[in-house]
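The values are calculated or read from the model by the stated rules, or taken from the named source; none is laboratory data. What you see is a predicted model, and the numbers here were worked out from it, not measured in a lab. Ideal geometry is used to build each Cβ from the backbone, glycine not excepted, and the neighbour counts take in all protein chains shown. We work out accessible area using only protein heavy atoms, side chains counted, and drop any ligands, DNA or RNA first. Shrake-Rupley method; radii C 1.70, N 1.55, O 1.52, S 1.80 Å.
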Amino acid sequence: MLDDDNAPISAKDAKHLFGDWKAVPAIILAVSGGPDSVALMWLVARWRAAQSRGPRLMAVTVDHGLRAEAAREAREVKRLAGTLDLPHRTVRWTGPKPKTGLPAAARDARYRLLAKAAGAIGATHILTAHTRDDQAETLLMRMSRGSGLAGLAAMARQSERDGVVLARPFLQLPKSRLVATLTKARIGFAVDPTNEDASFTRPRFRALMPALASEGCDSRNLARLASRLARANAALEVLVDGAERFLALKDAGMAQPGFDAKAFAALSEEIRVRLLARIIDRLGHEGPAELGKVEALVVALDRAGAQKPVKGRPRLKQTLAGALVSLTEDRIRIEPAPPRRRSAN
């Protein structure tokens with residue numbers, strides 16, 4: 001029944017959805033109180049109860065301190081968790097909240113608090129209730145920002161963050177199936193009004209979905225596109241692995257640090273961008289390098305490489321994301337940049 005967008009999720013479906021995690025020691029369930037996460041908690045609890053062995057479970061609700069109703073919703077989650085024989089914790093995002101970029105800051109805080117809760121009980125995985133609808137919206141949002149292929153791959157079924165694995169079992173399922181599951185089980189859920197607040201980006205894209213669906217850009221097709229882009233992205237990463245090994249072998253035994261600029265220039269542009277970003281992220285100390293800035297740096301390296309070299313004098317020297325990139329004669333060198341000096345105020 002996994003292809004029926006209006007069918008409740010059965011016990012057989014749940015066994016298929018959660019089977020990848022039956023051998024892990026403990027799992028945190030991220031449960032906000034909305035329909036998606038409540039369905040996750042109910043389905044996982046029933047799935048675990050049907051097995052003789054399986055992971056320990058704990059439901060965790062994050063109260064961001066942004067809505068007065070959040071505390072009551074957390075208590076309702078705790079009450080339902082109790083009926084399912086699940087331990088439950090509410091964790092709170094305290095401190096000042098940013099005036100801009102609030103959704104991103106709240107998301108970072110939520111994952112940080114969930115990871116901390118996971119560490120407290122020895123959980124290796126956090127299950128979230130992201131659906132196919134969420135995946136489609138994420139793809140559209142990233143398209144609007146001009147993201148590269150890795151960004152357009154959107155959310156993965158599993159990814160690592162803050163030392164734990166984020167698992168998303170519902171990425172191929174529409175929200176309608178989760179609502180149908182709760183309706184059949186006669187289980188209530190909360191409705192967060194911010195999900196419809198047009199002052200935030202995601203709700204604005206959500207409002208566009210019916211019109212896009214009428215043109216064929218429904219959540220199923222958009223999620224399929226994200227999956228295909230993820231597959232292409234993974235293939236390109238294999239090529240970047242090979243390019244990195246190629247440059248290392250070519251430079252084996254070289255006295256000078258770095259790698260051969262001509263060998264680097266011979267690689268395709270996409271591989272050069274990805275390889276450069278990978279090394280900068282590895283050696284830099286200011287977070288991931290922005291794709292547009294890495295692309296500009298590759299262009300700068302090409303232009304500098306076309307200039308006549310002067311012995312011992314850098315043809316290019318540039319700092320990006322806490323890494324110092326230089327081109328001297330025919331060698332590209334990437335190393336940690338000196339810490340920025342703080343301005344005296």
| query | Full extension from residue 159 to residue 197: what is 0.36 nm times the residue separation minus their Cα-Cα distance, to one decimal in nm? | reply | 10.8 nm
| task | Determine the share of the chain's accessible area contributed by carbon and sulfur atoms, expressed in whole percent, with a 1.4 angstrom probe. | result | 54
| request: With label points built 7 Å along Cα→Cβ from the Cα atoms of residue 208 and residue 4, find their separation and express it in nm. | output: 3.4
| note | Toy charge model, Lys and Arg Cβ at +1, Asp and Glu Cβ at -1: the range 87-181 dipole around Cα centroid in debye, rounded to 20, equals 240
| task | Assign one of three labels to the range 106-235, namely rounded, prolate or oblate, based on the Cα gyration tensor with a ≥ b ≥ c the square roots of its eigenvalues; rounded applies when a/c is under 1.5, prolate when it is not and a/b is larger than b/c, and oblate otherwise. | result | oblate
| message | Applying a 10 Å radius around every beta-carbon, put 214-220, 157-163 in order of their mean neighbour count, most first. | response | 214-220, 157-163
| task | Go ahead and run the numbers for FRET between residue 329 and residue 97, Cβ-Cβ distance against an R0 of 51 Å, rounding to 0.05. | result | 0.50
| Expected 222 nm ellipticity per residue - DSSP helices of 4 or more, -39500 (n - 2.57), all of the chain, to 500 | -15500 deg cm²/dmol
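Applying a 10 Å radius around every beta-carbon, put 233-244, 57-68 in order of their mean neighbour count, most first.
57-68, 233-244
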| task | Please work out how much length the chain gains when fully extended from residue 186 to residue 12, using 0.36 nm per residue of separation minus the C-alpha to C-alpha distance, in nm with one decimal. | result | 60.7 nm
| Out of these labelled values of mean projected area of the Cα convex hull in nm², (1) 18.3; (2) 17.2; (3) 22.5, which was calculated from the coordinates shown here? | (3)
| field | Surface per residue (accessible, 1.4 Å probe) for the range 191-345, Å² | value | 63
| query | Over the chain, what is the percentage of antiparallel beta bridges among all DSSP beta bridges, to the nearest 5? | reply | 55
| said: Contact order normalised by length for the chain, with contacts defined as Cα pairs under 8 Å and 6 or more residues apart; what percent is it? | reply: 14
| request: Would you mind checking 78/116; 78/175; 116/184; 12/78; 116/293 for any pair whose Cα atoms are more than 24 angstrom apart? | output: 116/184; 12/78; 116/293
